[in-house]
Amino acid sequence: MENSLEITDSTDWLGTPLQLLAPLESSLRCQVCKDFFDTPMITSCSHSFCSLCIRRCLTADNKCPICREGDQVLKLRRNWAVQELLDTFKTARPAVMELARKFKALKEQEENQVPEPQPKKRKANQIEQSQEVSSVEASPPRLRTRSRSVKAVPQEPEVIPEIIEDSEGEEEYIPDDGMAVCPVCDRTMKIEAVSHHIDKCLVEQEAREATERQKHTAFGVLQRQQNSPSKQLDRLPTLNYDLMNPSQLRKKFKELGIPTEGAKDLMKRRHTEWVNLWNANCDSQNPKSRMQLLRELRVWEDTQGGGSVMTVPDRNTVTSKGFDAAGWSANHNDDFKRLIASARKKTDAQVRSTIPGSSGSDQSPSTSPNGLPGKVAEDLGDR
Amino acid sequence: MAQSVAQKRLFHEYKNLSTNPPEGITAGPVSEDDMFYWEALIEGPGGTPFEGGVFAAELKFPKDYPLSPPTMKFVGGGVWHPNVYPNGTVCISILHPPGDDPNHYEHASERWSPIQSVEKILISVMSMLAEPNDESPANVEAAKMWRERRSEYEQKVRDEVRKGLGL
C-alpha cells in the first residue's frame, strides 16, 4: 500500500542536518492520532489534542489521556496559538524537508568521493552554514532555487538573482545600457526579453501573492475569530440514551439525517460518533460540509460500526484455538438435526395457530417467523 | 478504501518504528493489507536469564484502537515467566484498559491510555522480562519458582531460551 509512504512523521528529520526539528515536529502532533493537530483543543489540565481525538477519548473515558485527570467535553477550549504555529510549520515543512534531504544527499555524495570541483566546495560550505542556522533561516536557499528557474528565461543571468530579493525601492535606478524594467516585477532586463518575460512574470506574481496570502493566515485567523460568532454552527447536545427507547432514538436520528438501522447499542455508538464529528467540525476554522461529515460517519460505520462484522469475534473469543469445529459438528450432527426439526415443528405450529387458514406451505406469511430458524438450519447443515 | 482512525494511527506507529526503532525491538504488520495484526520480535534484555534470546509475539489491535489496547501473545512458546500465561498471552498493566482492574492492584497511571503506543508496550514488556511483577502471576508455577527457587527459575529460562534458538 502506498499509504505508508505518504505519512509524514517527526522521524523524517532524523539523519538530516536538521534533526533538531524532530522534537519540534512531534510537539506539534496530537499524541492520540500521531498526526498534526487538527483543530487543537486544550483541556482543563492544559493538554492539547485534536478536537475530534479528545472528544472521542472523553466520551469513552471522561479522562485526559495524558494525565488521566477527569475532564468534560464542555470544558474544552480552542488553542489558537498552537493552530497558528502549526499552520506556519506545515507551510514551511515541505521546502525545509527538501532542503534537509538535499544536504544529506550531498553530504553522502561528498563522503563517497574525493571533493574535486570548485562549485561543489561552495555547496559544502553552505551545508555547514545551515547546519547551524535554524529552520526559519533555511528559506534563503529556497529563494535561490526559485531564481534559478527564472534563469531559464532567455535574459541576463547574473542580474536577476542579485535584484530578486530587494527589488522593491529600486525603481528609480534605470541604467541606460539597453535595458528595460518589467512593469510587473520591476526587474531589469534586455529590451528584447521584456515581452517574453512579462507573460511568465504575471504567472509568477500570482503564485507569489498566493503564498503571501498563506503567510498571513495568522492574521486571517484573527479575522475569522472575530467573524466566527455570527455564523458559528450550533453544537449538538448529547442524549440520555437510557431514557429513550429505540423508536424515539430512530425519530431523533431521522431529524439529524443519520442512518437509523441497527440495534440500540449500535445506534448509541453511532450517535456518539456523529456528535463528536459534528462538534469537532464546529470547532474547526474551516468547517466541512454536512455531506463530508456524513461520509466520515460512513467510514466509521464500515470500520467500527455495523459494517464491521469483525469486531465481536475478533477479541474475547470463547472457543479456544485448538477447538476442532469439524469433529464437533460431526459428533453432534444428530443433535443438531433433531433440534432443527423440533424448531421447525414449533414455528410451523405457531404460524398455523396465528394465521388461521394458512398452511405451513404458504411462503409469504411464514417468512418472518420461519426466516431465522431456516437460515440457522442451512448454516448448520453446511458444517 | 477509506482508512479508519485506527489504521491511520497504526501506519504512523509503523513508520515511526521502522525509521527509529528502539534497541532490541522490531515490530510491524504481518501484511500491510491488515494493519490490525502485527508481529514483533523482542531481544531478551541483557543481564537477565533471557539474554541472548529472541522472542516472537503477535499483537492484535481492536477496531477502536487507540481507545482500547491491543492484546499481545508470545508465539512459539518458551517464555517461562510469572506474567506470561502458559499459552503465551502477556499480562501487563499497560495492556489493560483503565476502566477495569480485575486484579485490584494496578495503578491507573500504569494502564492503557490512547497516548500509549506499540513502542511503549514492547519496551514495558522488555522490562517486565527483566523484572517480573510478583503481584499478579499469570503463570502461577513460574511465579512460585521465581519466588522460592530463583536459581532453578533462571536455569529453566536459560534452557528455554537455548531451546528457542535451536541449540
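Tabulated data for the structure shown
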quantity: Average beta carbon contacts from partner chains per residue of A:291-299, 10 Å cutoff; calculated: 1
quantity: Count of lysine pairs in segment A:10-107 with Cα separation under 28 Å (8 or more residues apart, or interchain); calculated: 10
quantity: Inter-probe distance in nm under a simple model that places probes 7 Å from Cα toward Cβ, at A:Thr88 and B:Val75; calculated: 4.8 nm
quantity: Point-to-point label distance, A:Glu98-A:Arg77, nm (Cα→Cβ direction, 7 Å offset); calculated: 4.0 nm
quantity: Using a Förster distance of 30 Å, the FRET efficiency for A:Lys254-A:Ser284 (Cβ separation, nearest 0.05); calculated: 0.70
quantity: Residue-averaged beta-carbon neighbours from other chains (10 angstrom radius) around A:8-14; calculated: 4
quantity: 10 Å Cβ neighbours from other chains, averaged over peptide B:8-18; calculated: 5
quantity: By average C-beta atoms within 10 angstrom, highest first, the peptides A:195-202, A:233-240, A:23-30, B:83-90; calculated: B:83-90, A:23-30, A:195-202, A:233-240
quantity: Helix B:150-164 vs. chain B, principal-axis angle (Cα, 0 to 90°, nearest 10); calculated: 60 degrees
quantity: Listed peptides B:71-81, A:67-77, A:273-283 by packing density, highest first (mean Cβ within 10 Å); calculated: A:273-283, B:71-81, A:67-77
quantity: In Å², nearest 10: area of A:Asp302 left accessible to a 1.4 Å probe; calculated: 80 Å²
quantity: Cα gyration tensor shape of segment A:10-107, rounded if a/c is under 1.5, else prolate or oblate by comparing a/b with b/c; calculated: prolate
quantity: Mean separation of Cα contacts under 8 Å (6+ apart) over length of chain B, as relative contact order %; calculated: 21 percent
quantity: Sorted peptide list for B:36-49, B:149-162, criterion being average Cβ within 10 angstrom, highest first; calculated: B:36-49, B:149-162
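The values are calculated or read from the model by the stated rules, or taken from the named source; none is laboratory data. None of the values given here were measured: they were computed from a predicted structure. Cβ coordinates were reconstructed from backbone atoms using ideal geometry, including for glycine residues, and neighbour counts include every protein chain displayed. Just so you know, the surface numbers come from the protein's heavy atoms only, side chains and all, with ligands and any DNA or RNA stripped out. Shrake-Rupley method; radii C 1.70, N 1.55, O 1.52, S 1.80 Å.
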